[in-house]
1. Have a look at Ile137, Ile218, Ile160 and point out the one that is closer than 30 Å to Val72 by Cα and modelled with pLDDT of 90 or more.
2. For the stretch 324-336, how many residues meet the condition of being at pLDDT 85 or above and hydrophobic (A, V, I, L, M, F, W, C)?
3. Looking at Leu233, Leu289, which is the one that is more than 30 Å from Arg168 (Cα to Cα) and of a type outside the set (Lys, Arg)?
4. Where residues in the stretch 185-208 are within 40 Å of the chain's Cα centre (by Cα) and surrounded by fewer than 15 Cβ atoms within 10 Å (Cβ to Cβ), which of them is modelled with the lowest pLDDT?
5. For the subset of the stretch 241-278 comprising residues that are touching a residue at least 40 places away in the same chain (Cβ under 8 Å) and either acidic (Asp, Glu) or in the same structural domain as Glu49 (by TED's automatic domain parsing) (or both), which member is nearest to Glu157 (Cα to Cα)?
6. Tell me yes or no: at least one residue of the stretch 181-192 is out of contact with any helix residue (DSSP H, G or I) (no Cβ under 7 Å at 6 or more places or on another chain), outside any helix (DSSP H, G or I) and within 30 Å of Leu15 (Cα to Cα).
7. Which one is modelled with the lowest pLDDT among residues in the stretch 233-252 that are assigned to a helix (DSSP H, G or I) and in contact with a Lys or Arg (Cβ under 8 Å, 6 or more places away or on another chain)?
8. Hey, among Lys44, Lys18, which residue is on the phi < 0 side of the Ramachandran plot, touching a Lys or Arg at 6+ places or on another chain (Cβ under 9 Å) and in contact (Cβ under 8 Å) with a residue 24 or more places away in the chain?
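The values are calculated or read from the model by the stated rules, or taken from the named source; none is laboratory data. Quick caveat, the model's predicted, so the values are computed rather than measured. Positions of Cβ are backbone-derived with ideal geometry, glycine not excepted, and every protein chain shown enters the neighbour counts.
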Amino acid sequence: MIYLVVLSALYALHLLLKLHWITTVVIGTFLLLRISGHRKWYKKKIVYERKFEEVSEYLDMLLYAFVKEEKVERALVNVDAAMVDGPMRGVLQKAIDHMHMTFDETDVMRDSLQMIEREYACSRIKNVHDFIVHVEIYGGAIERPVELLLADKKRWEQRICGSMKERRKMFVDIVMSIAASLLICGMILYLPVMEIDISKNLISQVLTIVVVILDDLIFTRAQKYLAIDWLALDGHTDEADAKKIEEYYRYDERKEKRLSVVLAVVTAAGAAAAYYFGHQLMTAAALLLVALMANQHRVGRAVAKKTLVRSIKCAFPGWLMDIVLLLQSENVQVALQKSQEHVPPVLRRDLDILVGQLEMEPESVLPYHRFLKSFQIPEVHSAMSMLFSVSMGNSGRADRQIGELIDRNLEMLDVAEKGRLKNLSSGMYLLFLAPVLTASLKLLVDMAVFMMTFLSGAGLG
(Lines give C-alpha, C1' and ligand atoms only; values in the text may rest on other atoms or scores of the structure.)
Protein backbone atom coordinates (compact mmCIF):
# COMPACT_ATOMS: atom_id res chain seq x y z
CA MET A 1 0.00 0.00 0.00
CA ILE A 2 2.76 2.42 0.97
CA TYR A 3 4.58 1.79 -2.30
CA LEU A 4 1.40 2.59 -4.25
CA VAL A 5 1.08 5.89 -2.36
CA VAL A 6 4.73 6.78 -3.09
CA LEU A 7 4.36 5.96 -6.79
CA SER A 8 1.17 8.02 -6.98
CA ALA A 9 2.93 10.96 -5.30
CA LEU A 10 5.87 10.54 -7.68
CA TYR A 11 3.58 10.68 -10.72
CA ALA A 12 1.91 13.81 -9.32
CA LEU A 13 5.34 15.43 -8.87
CA HIS A 14 6.29 14.40 -12.40
CA LEU A 15 3.29 16.27 -13.80
CA LEU A 16 3.37 19.22 -11.40
CA LEU A 17 7.09 20.01 -11.66
CA LYS A 18 7.49 18.93 -15.31
CA LEU A 19 10.21 16.48 -14.38
CA HIS A 20 12.48 14.90 -16.96
CA TRP A 21 12.23 11.13 -16.87
CA ILE A 22 15.79 10.84 -15.50
CA THR A 23 14.90 13.28 -12.71
CA THR A 24 11.75 11.28 -12.02
CA VAL A 25 13.76 8.06 -11.72
CA VAL A 26 16.27 9.71 -9.34
CA ILE A 27 13.53 11.14 -7.11
CA GLY A 28 11.55 7.90 -7.24
CA THR A 29 14.58 5.83 -6.25
CA PHE A 30 15.30 8.19 -3.36
CA LEU A 31 11.71 8.09 -2.08
CA LEU A 32 11.53 4.30 -2.33
CA LEU A 33 14.78 3.96 -0.38
CA ARG A 34 13.42 6.29 2.30
CA ILE A 35 10.30 4.20 2.90
CA SER A 36 12.05 1.92 5.41
CA GLY A 37 13.23 4.94 7.43
CA HIS A 38 9.76 6.47 7.57
CA ARG A 39 8.27 3.11 8.50
CA LYS A 40 10.79 2.76 11.34
CA TRP A 41 9.77 6.11 12.87
CA TYR A 42 6.08 5.27 12.45
CA LYS A 43 6.57 1.97 14.30
CA LYS A 44 8.44 3.79 17.08
CA LYS A 45 5.54 6.20 17.39
CA ILE A 46 3.08 3.32 17.78
CA VAL A 47 5.28 1.54 20.35
CA TYR A 48 5.78 4.64 22.53
CA GLU A 49 2.11 5.55 22.45
CA ARG A 50 1.15 1.98 23.37
CA LYS A 51 3.64 1.97 26.27
CA PHE A 52 2.12 5.19 27.59
CA GLU A 53 -1.39 3.72 27.37
CA GLU A 54 -0.25 0.52 29.11
CA VAL A 55 1.36 2.45 31.96
CA SER A 56 -1.70 4.64 32.39
CA GLU A 57 -3.95 1.58 32.59
CA TYR A 58 -1.52 -0.26 34.90
CA LEU A 59 -1.32 2.60 37.42
CA ASP A 60 -5.10 2.86 37.67
CA MET A 61 -5.60 -0.87 38.15
CA LEU A 62 -2.70 -1.26 40.59
CA LEU A 63 -3.83 1.56 42.89
CA TYR A 64 -7.45 0.40 42.97
CA ALA A 65 -6.35 -3.21 43.52
CA PHE A 66 -4.05 -2.19 46.38
CA VAL A 67 -6.85 -0.27 48.10
CA LYS A 68 -8.92 -3.46 47.94
CA GLU A 69 -6.24 -6.04 48.83
CA GLU A 70 -3.71 -4.00 50.88
CA LYS A 71 -1.05 -6.50 49.77
CA VAL A 72 1.36 -5.97 46.88
CA GLU A 73 1.39 -9.57 45.67
CA ARG A 74 -2.40 -9.94 45.60
CA ALA A 75 -2.76 -6.52 43.97
CA LEU A 76 -0.38 -7.55 41.17
CA VAL A 77 -2.27 -10.82 40.64
CA ASN A 78 -5.55 -8.88 40.36
CA VAL A 79 -4.00 -6.50 37.84
CA ASP A 80 -2.70 -9.45 35.80
CA ALA A 81 -6.17 -11.00 35.74
CA ALA A 82 -7.77 -7.76 34.54
CA MET A 83 -5.12 -6.62 32.05
CA VAL A 84 -5.48 -7.45 28.35
CA ASP A 85 -2.74 -9.44 26.63
CA GLY A 86 0.18 -7.30 25.60
CA PRO A 87 3.85 -6.52 26.28
CA MET A 88 3.19 -5.11 29.75
CA ARG A 89 1.16 -8.09 30.86
CA GLY A 90 4.09 -10.30 29.87
CA VAL A 91 6.45 -8.22 32.02
CA LEU A 92 3.92 -8.25 34.88
CA GLN A 93 3.63 -12.04 34.74
CA LYS A 94 7.43 -12.38 34.89
CA ALA A 95 7.47 -10.14 37.96
CA ILE A 96 4.75 -12.22 39.64
CA ASP A 97 6.56 -15.47 38.78
CA HIS A 98 9.77 -14.05 40.25
CA MET A 99 7.89 -13.18 43.42
CA HIS A 100 6.43 -16.70 43.68
CA MET A 101 9.53 -18.68 42.70
CA THR A 102 12.31 -16.84 44.60
CA PHE A 103 13.13 -18.06 48.11
CA ASP A 104 16.53 -16.45 48.87
CA GLU A 105 17.31 -13.60 51.27
CA THR A 106 16.93 -10.80 48.73
CA ASP A 107 14.13 -8.24 48.79
CA VAL A 108 11.92 -10.27 46.44
CA MET A 109 9.02 -7.84 46.39
CA ARG A 110 11.23 -4.87 45.54
CA ASP A 111 13.18 -6.88 42.94
CA SER A 112 9.97 -8.01 41.25
CA LEU A 113 8.64 -4.47 40.99
CA GLN A 114 11.99 -3.29 39.60
CA MET A 115 11.56 -5.74 36.73
CA ILE A 116 8.53 -3.67 35.67
CA GLU A 117 10.35 -0.38 36.31
CA ARG A 118 13.26 -1.40 34.06
CA GLU A 119 10.97 -2.17 31.14
CA TYR A 120 8.79 0.90 31.68
CA ALA A 121 11.11 3.65 32.91
CA CYS A 122 8.63 6.09 34.40
CA SER A 123 8.95 7.99 37.66
CA ARG A 124 5.24 7.62 38.39
CA ILE A 125 5.48 3.83 38.31
CA LYS A 126 8.43 4.00 40.71
CA ASN A 127 6.58 6.40 43.02
CA VAL A 128 3.51 4.14 43.16
CA HIS A 129 5.68 1.06 43.74
CA ASP A 130 7.58 2.81 46.53
CA PHE A 131 4.29 3.81 48.13
CA ILE A 132 2.68 0.37 48.11
CA VAL A 133 5.88 -1.31 49.36
CA HIS A 134 6.22 1.27 52.15
CA VAL A 135 2.60 0.82 53.24
CA GLU A 136 2.84 -2.98 53.23
CA ILE A 137 6.02 -2.92 55.34
CA TYR A 138 5.34 -0.03 57.71
CA GLY A 139 1.57 0.41 57.48
CA GLY A 140 -0.25 3.72 57.24
CA ALA A 141 -3.27 5.29 55.55
CA ILE A 142 -4.09 4.13 52.03
CA GLU A 143 -7.21 5.77 50.64
CA ARG A 144 -6.19 9.45 50.90
CA PRO A 145 -2.69 8.93 49.42
CA VAL A 146 -4.20 6.84 46.62
CA GLU A 147 -6.62 9.67 45.85
CA LEU A 148 -3.67 12.06 45.57
CA LEU A 149 -1.71 9.66 43.38
CA LEU A 150 -4.70 9.16 41.09
CA ALA A 151 -5.25 12.92 40.85
CA ASP A 152 -1.59 13.42 39.95
CA LYS A 153 -1.75 10.59 37.42
CA LYS A 154 -4.88 12.06 35.82
CA ARG A 155 -3.24 15.46 35.34
CA TRP A 156 -0.12 13.80 33.90
CA GLU A 157 -2.23 11.75 31.50
CA GLN A 158 -4.13 14.84 30.36
CA ARG A 159 -0.88 16.75 29.78
CA ILE A 160 0.67 13.99 27.70
CA CYS A 161 -2.51 13.40 25.68
CA GLY A 162 -2.77 17.14 25.07
CA SER A 163 0.84 17.26 23.86
CA MET A 164 0.23 14.25 21.60
CA LYS A 165 -2.80 15.95 20.06
CA GLU A 166 -0.91 19.20 19.56
CA ARG A 167 2.03 17.45 17.89
CA ARG A 168 -0.24 15.48 15.56
CA LYS A 169 -1.94 18.70 14.48
CA MET A 170 1.41 20.39 13.88
CA PHE A 171 2.59 17.35 11.93
CA VAL A 172 -0.40 17.66 9.60
CA ASP A 173 0.37 21.38 9.23
CA ILE A 174 3.97 20.54 8.27
CA VAL A 175 2.80 18.04 5.64
CA MET A 176 0.39 20.63 4.24
CA SER A 177 3.21 23.20 4.21
CA ILE A 178 5.41 20.82 2.21
CA ALA A 179 2.59 20.12 -0.25
CA ALA A 180 1.80 23.84 -0.62
CA SER A 181 5.46 24.73 -1.20
CA LEU A 182 5.78 22.11 -3.97
CA LEU A 183 2.53 23.33 -5.52
CA ILE A 184 3.87 26.90 -5.61
CA CYS A 185 7.12 25.66 -7.17
CA GLY A 186 5.10 23.95 -9.89
CA MET A 187 2.80 26.89 -10.59
CA ILE A 188 5.58 29.10 -11.92
CA LEU A 189 6.38 26.48 -14.55
CA TYR A 190 2.86 26.81 -15.96
CA LEU A 191 2.75 30.61 -16.18
CA PRO A 192 2.12 31.59 -19.85
CA VAL A 193 4.95 34.12 -20.13
CA MET A 194 6.08 34.51 -23.75
CA GLU A 195 5.98 30.73 -24.20
CA ILE A 196 9.24 30.32 -22.31
CA ASP A 197 9.58 26.86 -20.72
CA ILE A 198 12.39 26.58 -18.17
CA SER A 199 11.38 23.17 -16.87
CA LYS A 200 13.89 21.40 -19.13
CA ASN A 201 16.79 23.46 -17.80
CA LEU A 202 19.39 21.28 -16.06
CA ILE A 203 19.77 23.68 -13.12
CA SER A 204 16.02 23.70 -12.53
CA GLN A 205 15.83 19.90 -12.67
CA VAL A 206 18.77 19.41 -10.29
CA LEU A 207 17.34 21.96 -7.87
CA THR A 208 14.01 20.12 -7.92
CA ILE A 209 15.83 17.00 -6.71
CA VAL A 210 17.48 19.03 -3.94
CA VAL A 211 14.13 20.51 -2.86
CA VAL A 212 12.46 17.09 -2.70
CA ILE A 213 15.35 15.71 -0.62
CA LEU A 214 15.19 18.66 1.77
CA ASP A 215 11.41 18.33 2.10
CA ASP A 216 11.82 14.63 2.88
CA LEU A 217 14.33 15.50 5.60
CA ILE A 218 11.82 18.00 7.03
CA PHE A 219 9.14 15.29 6.97
CA THR A 220 11.49 12.85 8.75
CA ARG A 221 12.34 15.39 11.41
CA ALA A 222 8.63 16.00 11.98
CA GLN A 223 8.11 12.25 12.36
CA LYS A 224 10.73 12.19 15.13
CA TYR A 225 8.64 14.67 17.12
CA LEU A 226 5.79 12.13 17.06
CA ALA A 227 8.02 9.11 17.81
CA ILE A 228 9.00 10.33 21.26
CA ASP A 229 9.20 8.26 24.44
CA TRP A 230 6.37 9.86 26.41
CA LEU A 231 7.36 8.02 29.57
CA ALA A 232 10.83 9.60 29.42
CA LEU A 233 9.19 13.03 29.63
CA ASP A 234 7.61 12.08 32.94
CA GLY A 235 9.07 13.68 36.04
CA HIS A 236 11.88 15.38 34.16
CA THR A 237 14.95 15.82 36.36
CA ASP A 238 18.24 17.25 35.25
CA GLU A 239 21.43 16.61 37.22
CA ALA A 240 22.78 19.83 35.70
CA ASP A 241 20.29 21.68 37.93
CA ALA A 242 22.29 20.64 40.99
CA LYS A 243 25.40 22.26 39.52
CA LYS A 244 23.47 25.39 38.53
CA ILE A 245 22.08 25.91 42.02
CA GLU A 246 25.53 25.39 43.57
CA GLU A 247 26.91 28.06 41.24
CA TYR A 248 24.00 30.34 42.13
CA TYR A 249 24.74 30.08 45.85
CA ARG A 250 28.51 30.48 45.32
CA TYR A 251 27.95 33.74 43.44
CA ASP A 252 30.56 36.36 44.39
CA GLU A 253 29.05 39.77 43.63
CA ARG A 254 32.28 41.72 44.18
CA LYS A 255 34.22 39.43 41.86
CA GLU A 256 31.54 39.60 39.16
CA LYS A 257 31.39 43.40 39.46
CA ARG A 258 35.14 43.62 38.88
CA LEU A 259 34.76 41.42 35.81
CA SER A 260 31.98 43.69 34.53
CA VAL A 261 34.22 46.75 34.96
CA VAL A 262 37.08 45.09 33.07
CA LEU A 263 34.79 44.04 30.20
CA ALA A 264 33.21 47.50 30.08
CA VAL A 265 36.64 49.19 29.91
CA VAL A 266 37.77 46.90 27.09
CA THR A 267 34.62 47.50 25.03
CA ALA A 268 34.82 51.25 25.78
CA ALA A 269 38.33 51.28 24.34
CA GLY A 270 36.94 49.59 21.24
CA ALA A 271 34.20 52.22 21.00
CA ALA A 272 36.77 55.01 21.29
CA ALA A 273 38.87 53.45 18.53
CA ALA A 274 35.82 53.12 16.27
CA TYR A 275 34.92 56.77 16.91
CA TYR A 276 38.50 57.89 16.19
CA PHE A 277 38.48 56.16 12.81
CA GLY A 278 35.06 57.60 11.97
CA HIS A 279 33.01 54.38 12.08
CA GLN A 280 29.81 55.80 13.55
CA LEU A 281 27.73 52.62 13.26
CA MET A 282 30.42 50.53 14.95
CA THR A 283 30.74 53.20 17.64
CA ALA A 284 27.03 53.04 18.42
CA ALA A 285 27.10 49.25 18.56
CA ALA A 286 30.18 49.31 20.81
CA LEU A 287 28.53 51.77 23.21
CA LEU A 288 25.53 49.45 23.54
CA LEU A 289 27.97 46.63 24.23
CA VAL A 290 29.65 48.75 26.92
CA ALA A 291 26.30 49.15 28.72
CA LEU A 292 25.69 45.41 28.48
CA MET A 293 29.17 44.49 29.75
CA ALA A 294 28.86 46.93 32.66
CA ASN A 295 25.73 45.09 33.82
CA GLN A 296 26.56 41.53 32.75
CA HIS A 297 26.74 40.36 36.37
CA ARG A 298 23.18 41.56 37.04
CA VAL A 299 21.83 40.14 33.78
CA GLY A 300 23.51 36.77 34.34
CA ARG A 301 22.25 36.59 37.90
CA ALA A 302 18.66 37.37 36.85
CA VAL A 303 18.73 34.79 34.04
CA ALA A 304 20.15 32.11 36.35
CA LYS A 305 17.48 32.81 38.98
CA LYS A 306 14.67 32.69 36.43
CA THR A 307 15.91 29.35 35.07
CA LEU A 308 16.21 27.83 38.54
CA VAL A 309 12.77 29.10 39.64
CA ARG A 310 11.27 27.35 36.61
CA SER A 311 13.07 24.09 37.52
CA ILE A 312 12.04 24.38 41.18
CA LYS A 313 8.39 24.90 40.27
CA CYS A 314 8.53 21.72 38.17
CA ALA A 315 10.31 19.64 40.84
CA PHE A 316 8.77 20.87 44.09
CA PRO A 317 5.20 19.48 43.74
CA GLY A 318 6.48 15.98 43.02
CA TRP A 319 8.80 16.08 46.02
CA LEU A 320 5.98 17.42 48.20
CA MET A 321 3.85 14.49 47.05
CA ASP A 322 6.56 12.12 48.33
CA ILE A 323 6.52 13.93 51.68
CA VAL A 324 2.73 13.61 51.98
CA LEU A 325 2.88 9.88 51.22
CA LEU A 326 5.63 9.38 53.81
CA LEU A 327 3.61 11.35 56.38
CA GLN A 328 1.04 8.56 56.40
CA SER A 329 3.44 6.53 58.56
CA GLU A 330 6.22 8.93 59.60
CA ASN A 331 6.59 12.27 61.33
CA VAL A 332 7.68 15.31 59.33
CA GLN A 333 11.37 15.16 60.23
CA VAL A 334 11.71 11.47 59.34
CA ALA A 335 9.69 12.01 56.14
CA LEU A 336 12.10 14.77 55.11
CA GLN A 337 15.07 12.50 55.81
CA LYS A 338 13.62 9.60 53.80
CA SER A 339 12.73 11.89 50.91
CA GLN A 340 16.45 12.60 50.41
CA GLU A 341 16.73 9.28 48.59
CA HIS A 342 14.65 10.45 45.62
CA VAL A 343 14.82 14.24 45.89
CA PRO A 344 15.09 16.10 42.54
CA PRO A 345 18.62 17.46 41.94
CA VAL A 346 17.51 21.09 42.05
CA LEU A 347 16.19 20.62 45.62
CA ARG A 348 18.94 18.35 46.94
CA ARG A 349 21.25 21.01 48.40
CA ASP A 350 18.54 22.90 50.27
CA LEU A 351 16.94 19.69 51.55
CA ASP A 352 20.28 18.47 52.92
CA ILE A 353 20.68 21.81 54.72
CA LEU A 354 17.10 21.66 56.02
CA VAL A 355 17.54 18.15 57.42
CA GLY A 356 20.84 19.12 59.04
CA GLN A 357 19.35 22.23 60.66
CA LEU A 358 16.34 20.28 61.96
CA GLU A 359 18.70 17.89 63.74
CA MET A 360 20.10 20.93 65.56
CA GLU A 361 16.79 22.82 65.97
CA PRO A 362 13.94 20.28 65.68
CA GLU A 363 11.29 22.64 67.07
CA SER A 364 12.36 25.83 65.28
CA VAL A 365 10.42 27.29 62.35
CA LEU A 366 13.53 28.99 60.94
CA PRO A 367 14.89 25.94 59.02
CA TYR A 368 11.55 25.64 57.21
CA HIS A 369 11.52 29.35 56.34
CA ARG A 370 15.12 29.22 55.09
CA PHE A 371 14.30 26.46 52.59
CA LEU A 372 14.78 27.98 49.08
CA LYS A 373 14.40 31.42 50.66
CA SER A 374 16.69 33.00 48.03
CA PHE A 375 14.14 32.33 45.28
CA GLN A 376 11.10 33.83 47.05
CA ILE A 377 8.51 31.37 45.69
CA PRO A 378 5.19 31.84 47.58
CA GLU A 379 4.02 28.27 46.99
CA VAL A 380 7.20 26.89 48.56
CA HIS A 381 6.96 29.19 51.59
CA SER A 382 3.31 28.21 52.13
CA ALA A 383 4.11 24.49 51.91
CA MET A 384 7.01 24.69 54.35
CA SER A 385 4.92 26.67 56.85
CA MET A 386 2.28 23.95 56.65
CA LEU A 387 4.87 21.22 57.22
CA PHE A 388 6.09 23.05 60.33
CA SER A 389 2.52 23.25 61.66
CA VAL A 390 2.07 19.52 61.10
CA SER A 391 5.42 18.75 62.76
CA MET A 392 4.38 20.69 65.87
CA GLY A 393 0.89 19.18 65.98
CA ASN A 394 -0.66 22.62 65.50
CA SER A 395 -2.87 21.63 62.62
CA GLY A 396 -6.07 19.84 63.62
CA ARG A 397 -7.01 19.41 59.99
CA ALA A 398 -3.55 18.39 58.82
CA ASP A 399 -4.65 15.79 56.26
CA ARG A 400 -7.19 18.10 54.62
CA GLN A 401 -4.87 21.11 54.65
CA ILE A 402 -1.99 19.15 53.17
CA GLY A 403 -4.37 17.75 50.56
CA GLU A 404 -5.43 21.26 49.61
CA LEU A 405 -1.79 22.26 49.51
CA ILE A 406 -1.02 19.34 47.20
CA ASP A 407 -3.90 20.37 44.91
CA ARG A 408 -2.48 23.89 44.62
CA ASN A 409 0.98 22.57 43.96
CA LEU A 410 -0.33 20.11 41.37
CA GLU A 411 -1.82 23.09 39.57
CA MET A 412 1.58 24.78 39.72
CA LEU A 413 3.17 21.61 38.34
CA ASP A 414 0.52 21.45 35.62
CA VAL A 415 1.33 24.96 34.42
CA ALA A 416 5.10 24.38 34.54
CA GLU A 417 4.92 21.00 32.78
CA LYS A 418 2.59 22.27 30.07
CA GLY A 419 5.06 25.08 29.42
CA ARG A 420 7.94 22.60 29.28
CA LEU A 421 6.09 20.29 26.88
CA LYS A 422 5.22 23.26 24.69
CA ASN A 423 8.87 24.30 24.60
CA LEU A 424 9.86 20.77 23.60
CA SER A 425 7.40 21.00 20.69
CA SER A 426 8.49 24.47 19.56
CA GLY A 427 10.87 23.05 16.96
CA MET A 428 7.87 21.83 14.97
CA TYR A 429 6.90 25.43 14.24
CA LEU A 430 10.30 25.96 12.62
CA LEU A 431 9.72 22.81 10.57
CA PHE A 432 6.39 24.30 9.47
CA LEU A 433 8.27 27.32 8.10
CA ALA A 434 11.16 25.32 6.59
CA PRO A 435 9.35 24.31 3.34
CA VAL A 436 8.81 28.01 2.64
CA LEU A 437 12.60 28.43 2.55
CA THR A 438 13.11 25.48 0.19
CA ALA A 439 10.34 26.76 -2.09
CA SER A 440 11.80 30.28 -2.01
CA LEU A 441 15.19 28.92 -3.06
CA LYS A 442 13.61 27.05 -5.96
CA LEU A 443 11.59 30.09 -7.05
CA LEU A 444 14.60 32.41 -6.94
CA VAL A 445 16.68 30.07 -9.07
CA ASP A 446 13.79 29.48 -11.49
CA MET A 447 13.30 33.23 -11.87
CA ALA A 448 17.01 33.67 -12.54
CA VAL A 449 16.92 30.89 -15.15
CA PHE A 450 13.82 32.47 -16.68
CA MET A 451 15.54 35.87 -16.98
CA MET A 452 18.65 34.29 -18.50
CA THR A 453 16.52 32.37 -21.00
CA PHE A 454 14.54 35.49 -21.86
CA LEU A 455 17.66 37.63 -22.34
CA SER A 456 19.31 34.92 -24.43
CA GLY A 457 16.23 34.67 -26.63
CA ALA A 458 16.12 38.43 -27.07
CA GLY A 459 19.77 38.50 -28.10
CA LEU A 460 20.81 40.42 -24.99
CA GLY A 461 22.56 37.59 -23.19
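1. Ile160
2. Residues flagged as at pLDDT 85 or above and hydrophobic (A, V, I, L, M, F, W, C) within the stretch 324-336 amount to 4.
3. Unique residue meeting the criteria: Leu289.
4. So in the stretch 185-208, the residues within 40 Å of the chain's Cα centre (by Cα) come out as 185-187, 206-208.
Restricting the remaining residues to those that are surrounded by fewer than 15 Cβ atoms within 10 Å (Cβ to Cβ) gives 187, 206.
Working: Met187: 81, Val206: 87.
Applying the filter and picking the extreme gives Met187.
5. Per the stated criteria, the residue is Asp241.
6. Checking the stretch 181-192: at least one residue is out of contact with any helix residue (DSSP H, G or I) (no Cβ under 7 Å at 6 or more places or on another chain), outside any helix (DSSP H, G or I) and within 30 Å of Leu15 (Cα to Cα).
7. Per the criteria, the residue is Ala242.
8. Lys44
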